[in-house]
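Comments concern the structure below.
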Amino acid sequence: MQLPTRRRVLAVLAVAGATIAAIAPATPAIAAPPAADATASALLDAFATHQIVALGQVHDLRQEDDFILDLLRHPRFAATVDSIVVEFGNARFQSRVDRYIAGRHVARSALQHAWRDTVGSAPGDHDGAARFYLAVRHLNRTLPRTDRIRMRLGDPAFDWSKLRRASQVFRAGGRRDAVFASTAEREARAGRHVLLLSGFGHFLRSAPGGRQTGNALERLERGARGRVWTVLPYGGVPKQQDDFERRFITPLPSVAIQPLTGELGHLPANRFLARPLIPSRGVALRDLADALISFGPCARLRFAKLSRAPFRDRAYLRELDRRNRILSGQPFVMPALPSPSAPYCPGSA
């Protein structure tokens, strides 16, 4: 199966001569692109060799949220990517989101259920989700109808209004990876180039012969290890491992992507991942993913802006309280939201 002819030609022309491991230097007559633009270009290059590219997310990291928006605005994005599958969207509202990203009017009060009512996130209105939906809508306005970007919601189609027992949510939560993977698979089987956006834990590989986790990546790569090009995000390291940051993160531009090969790829995964996240012992970084994306050292990382608007919505607060009493037996308490200027890494200045 192939991309539509016009887009395939555009994609081939755009990536000709590029490689995954390196970014070609600019000619002397053209200024070097900003770090985000160069990193986005390197990520898009991966579609020259892989139909599916998975960008793992560190939740609520401002720099990564900003980079994803920069990626959508990259001049090669629409010629390279056909479909985006996102974790931050309840599939029950797919038709509503389809109308919105096609440019039709959808009231914010109706649209926001797509990201507010996911099974896999804590209550709250993360502005990053709303900004992303809007960015896809804006991008599609610039494209012919036949070339518009598809956005598929990868969280289970769960109806919170029918919640009566905690077990209903637990069952839906147990299906999250399967639903996400099947959504991505349908897009790929239609011949589309697919970008996956989800928490990075859903995209970690197991070492060959190691314990299987059943996450979304494993499901997509059954019988075809390496089918998906995966990008692991850097979101900080424990203090005792800060030599990793000095060697592999601090010397790089503010946004950078590097292949997990050579010395970096051979490092033990626990150099910056917590042990519960590592599928098995003795795993190196190269076993988990194909590349590492970083947004600077811990001292520069900041929280995304988290909105308090949902908690001023009395009807929504009553609904959150109902859900919380069913799930935990306790009333809902508004979470403390970090300041956007707060350091993302504990202990960072």
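Name the residue that is surrounded by the fewest Cβ atoms within 10 Å (Cβ to Cβ), counting only residues in region 85-103 that are out of contact with any Asp or Glu (no Cβ under 9 Å at 6 or more places or on another chain) and under 18 Å from Phe180 (Cα atoms).
Filtering region 85-103 for residues that are out of contact with any Asp or Glu (no Cβ under 9 Å at 6 or more places or on another chain) and under 18 Å from Phe180 (Cα atoms), the one surrounded by the fewest Cβ atoms within 10 Å (Cβ to Cβ) comes out as Ser95.
Can you tell me which residue among Gly209, Gly265, Gly223, Gly282 is of a type outside the set (Ser, Thr, Tyr) and at pLDDT 90 or above?
Result: Gly265 is the single residue among Gly209, Gly265, Gly223, Gly282 that is of a type outside the set (Ser, Thr, Tyr) and at pLDDT 90 or above.
Kindly evaluate Pro346 against the criterion of being surrounded by fewer than 18 Cβ atoms within 10 Å (Cβ to Cβ), farther than 30 Å from Leu44 by Cα, modelled with pLDDT under 95 and in contact with a strand residue (DSSP E or B) (Cβ under 6 Å, 6 or more places away or on another chain).
Here the answer is no, as Pro346 does not meet what is asked.
Please tell me if Val106 is crowded, with 18+ Cβ neighbours inside 10 Å and without any contact (Cβ under 8 Å) to a residue 24 or more places away in the chain.
Taking the combined requirement at face value, the residue satisfies it.
Among the candidates Phe272, Phe332, Phe303, single out the residue that is modelled with pLDDT of 80 or more and either small (Gly, Ala, Ser) or closer than 28 Å to Leu55 by Cα (or both).
Testing whether each residue is modelled with pLDDT of 80 or more and either small (Gly, Ala, Ser) or closer than 28 Å to Leu55 by Cα (or both) leaves just Phe303.
Identify the residue in region 257-269 that is free of Cβ contacts under 8 Å to residues at least 24 places away in the same chain and outside any loop (DSSP other than H, G, I, E, B) and, among all such residues, is nearest to Cys345 (Cα to Cα).
Ala269
Which of the numbered conditions does Arg205 fail, given that it passes all the others? Conditions: (1) touching a residue at least 40 places away in the same chain (Cβ under 8 Å); (2) surrounded by fewer than 23 Cβ atoms within 10 Å (Cβ to Cβ); (3) under 20 Å from Gly282 (Cβ atoms); (4) of a type in the set (D, E, K, R).
Looking at each condition in turn, Arg205 falls short on (2).
Per-residue answers, yes or no, for (1) within 21 Å of the chain's Cα centre (by Cα); (2) of a type in the set (Phe, Trp, Tyr):
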residue: Val194; (1), (2): yes, no
residue: Phe200; (1), (2): yes, yes
residue: Arg205; (1), (2): yes, no
residue: Asn215; (1), (2): yes, no
residue: Glu221; (1), (2): yes, no
residue: Val228; (1), (2): yes, no
residue: Pro233; (1), (2): yes, no
residue: Arg246; (1), (2): no, no
residue: Phe272; (1), (2): yes, yes
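Identify the residue in region 280-301 that is within 13 Å of Leu61 (Cβ to Cβ) and of a type in the set (A, V, I, L, M) and, among all such residues, is surrounded by the fewest Cβ atoms within 10 Å (Cβ to Cβ).
Within region 280-301, the match that is surrounded by the fewest Cβ atoms within 10 Å (Cβ to Cβ) is Leu301.
Would you tally the residues in region 148-179 being under 17 Å from Ala216 (Cα atoms) and either surrounded by fewer than 17 Cβ atoms within 10 Å (Cβ to Cβ) or not hydrophobic (A, V, I, L, M, F, W, C) (or both)?
Count: 12.
Considering only region 270-294, state which residues are over 20 Å from Leu43 (Cβ atoms) and assigned to a helix (DSSP H, G or I).
Answer for region 270-294, where residues must be over 20 Å from Leu43 (Cβ atoms) and assigned to a helix (DSSP H, G or I): Asn270, Arg271, Arg275, Pro276, Leu277, Asp287.
Take Ala256 and tell me if it is in contact with a Ser or Thr (Cβ under 8 Å, 6 or more places away or on another chain), of a type outside the set (Asp, Glu), at pLDDT 95 or above and farther than 23 Å from Asp66 by Cβ.
no
The values are calculated or read from the model by the stated rules, or taken from the named source; none is laboratory data. Model, not experiment: these values are computed from the prediction. Note that we place each Cβ from the backbone using ideal geometry, even for glycine, and neighbour counts take in every protein chain shown.
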